[in-house]
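Structure, as structure tokens:
The values are calculated or read from the model by the stated rules, or taken from the named source; none is laboratory data. Computed from a prediction, not measured in an experiment: that's the story for all the values here. Because the Cβ atoms are built from the backbone with ideal geometry, glycine has one as well, and the counts that use them run over all protein chains shown. We work out accessible area using only protein heavy atoms, side chains counted, and drop any ligands, DNA or RNA first. Shrake-Rupley method; radii C 1.70, N 1.55, O 1.52, S 1.80 Å.
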Amino acid sequence: IGPNGAGKSTILKILSRITYPSSGEVVLRGRVASLLEVGTGFNPELTGRENIFLNGAILGMTKSEIGSKFDEIVEFAEIGNFLDTPVKRYSSGMYIRLAFSIAAYLEPEILLIDEVLAVGDAKFQRKSIGKMDQVTSNKKRTIIFVSHDLGAIKKICKRCILIDKGRIIKIGPTDSVINTYLERIDKDIDRNDSVIKTTNRTGTGKVRIVSVKIE
């Protein structure tokens, strides 16, 4: 967890080998799947059915292994009527439902999930959180979950990392780390209570925000 710009998504991109670190190294032990952005890892010209097998192959699974999970993936994703439609015609919500279902049922040892689930509807979000809770109860699998939904973080994560500006602020039990995060937010609000004194404005200055309040 952490504020916007803290480096959360960047860390996931480094772990999934989309971005390489400018220094240091990452050691991965296990098969990794990631849900970082809508459509990542899909071929838009292929159908939903074909992309299930493509993603499974990328994860190193055999055709028979993918086939054994196929019906569960389709049922969970709720895209049965569009299974043979090219995914370029899917809505962002349909993309995410299918991508999450593939990642959850093809059982990578490590699953990386960014805020991407927010694209789905409320029903699917609840279903996905329940599935992640089920997955993490198996100690042989790891989920690294980045979200601004602190309720979801509390539900499925026993340990939490707070980062800011690319640095680790705190690691520990989820409740404790979330409390630290909220305390830091409160302090930032107190420090910025006088908008009129802001010195880092941009633009011509013809229009200026001088006061903000929440009711």
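Within this structure, Lys165 passes the test of being of a type outside the set (Asp, Glu), within 30 Å of Arg184 (Cα to Cα) and either under 19 Å from the mean Cα position of the chain (by Cα) or at pLDDT below 85 (or both). Put simply, of Glu109, Glu215 the only residue that is over 15 Å from the mean Cα position of the chain (by Cα), within 18 Å of Leu36 (Cα to Cα) and either exposed (fewer than 10 other Cβ atoms within 10 Å of the Cβ) or not basic (Lys, Arg) (or both) is Glu109. Candidates Thr47, Thr10: the one that is more than 28 Å from His148 (Cα to Cα) and either of a type in the set (Ser, Thr, Tyr) or crowded, with 20+ Cβ neighbours inside 10 Å (or both) is Thr47.
For the range 19-40, a tally of residues being surrounded by 14 or more Cβ atoms within 10 Å (Cβ to Cβ) and β-branched (Val, Ile, Thr) returns 3. Number of residues in the range 94-114 that are free of Cβ contacts under 8 Å to residues at least 40 places away in the same chain and of a type outside the set (A, V, I, L, M, F, W, C): the value is 4.
Out of curiosity, is Ile1 buried (at least 18 other Cβ atoms within 10 Å of the Cβ), in contact with a Phe, Trp or Tyr (Cβ under 7 Å, 6 or more places away or on another chain), under 14 Å from Glu107 (Cα atoms) and modelled with pLDDT of 90 or more? Quick ask: steps written out before the conclusion?
Working: buried (at least 18 other Cβ atoms within 10 Å of the Cβ): yes; in contact with a Phe, Trp or Tyr (Cβ under 7 Å, 6 or more places away or on another chain): yes; under 14 Å from Glu107 (Cα atoms): no; modelled with pLDDT of 90 or more: yes.
For Ile1, the condition - buried (at least 18 other Cβ atoms within 10 Å of the Cβ), in contact with a Phe, Trp or Tyr (Cβ under 7 Å, 6 or more places away or on another chain), under 14 Å from Glu107 (Cα atoms) and modelled with pLDDT of 90 or more - is not met.
If we scan the range 20-38, do we find a residue that is farther than 20 Å from Ala152 by Cβ and assigned to a helix (DSSP H, G or I)? Within the range 20-38 (the criterion being farther than 20 Å from Ala152 by Cβ and assigned to a helix (DSSP H, G or I)), the answer is no, since none of the residues qualifies. On the stretch given as the range 76-125, residues that are part of a helix (DSSP H, G or I), modelled with pLDDT of 85 or more and of a type in the set (S, T, N, Q) total 2.
Inside the range 39-75, can you point out the residues that are under 19 Å from Asp114 (Cα atoms) and either more than 21 Å from the chain's Cα centre (by Cα) or not in a loop (DSSP other than H, G, I, E, B) (or both)?
Within the range 39-75, the subset under 19 Å from Asp114 (Cα atoms) is 39-42, 55, 59.
Selection gives Asn55 alone.
Among the residues of the range 126-154, just one is under 21 Å from Gly172 (Cα atoms), open to solvent by 70 Å² or more (accessible area, probe 1.4 Å) and in a helix (DSSP H, G or I), namely Lys154.
Among the candidates Ile178, Ile209, Ile129, Ile156, single out the residue that is touching a residue at least 40 places away in the same chain (Cβ under 8 Å), touching a helix residue (DSSP H, G or I) at 6+ places or on another chain (Cβ under 7 Å) and not basic (Lys, Arg). Working first, answer last.
Working: Ile209 fails: touching a residue at least 40 places away in the same chain (Cβ under 8 Å); Ile129 fails: touching a residue at least 40 places away in the same chain (Cβ under 8 Å); Ile156 fails: touching a residue at least 40 places away in the same chain (Cβ under 8 Å).
Selected residue: Ile178, the only one of Ile178, Ile209, Ile129, Ile156 that is touching a residue at least 40 places away in the same chain (Cβ under 8 Å), touching a helix residue (DSSP H, G or I) at 6+ places or on another chain (Cβ under 7 Å) and not basic (Lys, Arg).
Check the range 75-93 and report whether any residue there is on the phi > 0 side of the Ramachandran plot, out of contact with any helix residue (DSSP H, G or I) (no Cβ under 7 Å at 6 or more places or on another chain) and without any contact (Cβ under 8 Å) to a residue 60 or more places away in the chain. Checking the range 75-93: not a single residue is on the phi > 0 side of the Ramachandran plot, out of contact with any helix residue (DSSP H, G or I) (no Cβ under 7 Å at 6 or more places or on another chain) and without any contact (Cβ under 8 Å) to a residue 60 or more places away in the chain.
Here Thr199 clears all of (1) at pLDDT 80 or above; (2) loosely packed, with under 10 Cβ neighbours inside 10 Å except the condition numbered (1).
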